[in-house]
Amino acid sequence: MAWRMKGRYVSSCSCTNVCPCPTASAPPDNPDGTTNCWGVGVFDVREGNADGVDLSGVRWALYVNFPDLVSSGNWKLGMMVDAGASDEQAMAVGDIVSGQKGGPFGEMAPLVGEFTGVERGPISYSDSGASFGNSSFTYEALRGLDGKPTTVSNAAFGFAPVFEIGSASGGIDIFGHQADASYGEVAEFEYGSEIHEQIRA
């Protein structure tokens, strides 16, 4: 059951800047006035293993619909593992993210109302954007007066203890719903069955 993944992710959602979901568990805030968040993220695993299966180099995408407050649960969650990963790697990552192998994703599982399973397909990743399936977005950091990226730390819900925030453009196409990419974030991540790492959304 032991597993570990370390790398970097980039994500986007339909909320305006700054997305209220991870920072305050406030209702989603789309530019069109709707309160239903559609989000995608691509995770580039630089180091990792799961019960002896090497996960280094695996890319996987997570896509989610938050119908209301993140803390209220009832999330709809799906994922894709890159076509270049082996079946063994895909199965290991799928078991981890679905919460079956415990750790932070296991703690997150009670908030998920529906997990739609694991798809396979090509996934591209860079710190300035990503694509998978019919979703593709680019990311640009918000910067302070010193020119450094703006960051959020100790968010109520987040995929990392500290993450960089910015704006995104492109399209999100998940669960048969299309939305414009608006908010974006990027961060280093490290998750594991024996690592006390924050991942709450």
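Computed quantities for the displayed model
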read-out: Those residues of region 6-53 which are small (Gly, Ala, Ser), free of Cβ contacts under 8 Å to residues at least 60 places away in the same chain and either crowded, with 19+ Cβ neighbours inside 10 Å or in contact with a helix residue (DSSP H, G or I) (Cβ under 8 Å, 6 or more places away or on another chain) (or both), in sequence order; value: ALA26, GLY48, ALA50
read-out: Which listed residue, of TYR191, TYR183, is within 30 Å of TRP3 (Cα to Cα) and in contact (Cβ under 8 Å) with a residue 12 or more places away in the chain; value: TYR191
read-out: Flag for ALA85 being surrounded by 15 or more Cβ atoms within 10 Å (Cβ to Cβ), among the aliphatic types (A, V, I, L, M), modelled with pLDDT of 95 or more and in a helix (DSSP H, G or I); value: no
read-out: From GLY113, GLY117, GLY106, residue being surrounded by fewer than 18 Cβ atoms within 10 Å (Cβ to Cβ), assigned to a strand (DSSP E or B) and either among the basic types (Lys, Arg) or without any contact (Cβ under 8 Å) to a residue 40 or more places away in the chain (or both); value: GLY117
read-out: Candidates TRP60, TRP3, TRP75 - the one that is at pLDDT 90 or above, more than 21 Å from GLY133 (Cβ to Cβ) and open to solvent by less than 20 Å² (accessible area, probe 1.4 Å); value: TRP3
read-out: Of all residues making up region 174-189, the number that are part of a strand (DSSP E or B) and crowded, with 16+ Cβ neighbours inside 10 Å; value: 9
read-out: Unique match (being open to solvent by 50 Å² or more (accessible area, probe 1.4 Å), free of Cβ contacts under 8 Å to residues at least 40 places away in the same chain, closer than 26 Å to ALA90 by Cα and among the polar types (S, T, N, Q)) among SER128, SER169, SER136; value: SER136
read-out: Per-region count, region 148-164, residues in a loop (DSSP other than H, G, I, E, B) and surrounded by fewer than 18 Cβ atoms within 10 Å (Cβ to Cβ); value: 5
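The values are calculated or read from the model by the stated rules, or taken from the named source; none is laboratory data. Keep in mind that this is a model prediction, so the values were computed, not measured. A quick note on method: Cβ atoms are made from the backbone with ideal geometry, for glycine too, and the neighbour counts reach across all protein chains shown. Ligands, DNA and RNA are stripped out before the accessible areas are found, and what is left, the full protein with its side chains, is counted by its heavy atoms. Shrake-Rupley method; radii C 1.70, N 1.55, O 1.52, S 1.80 Å.
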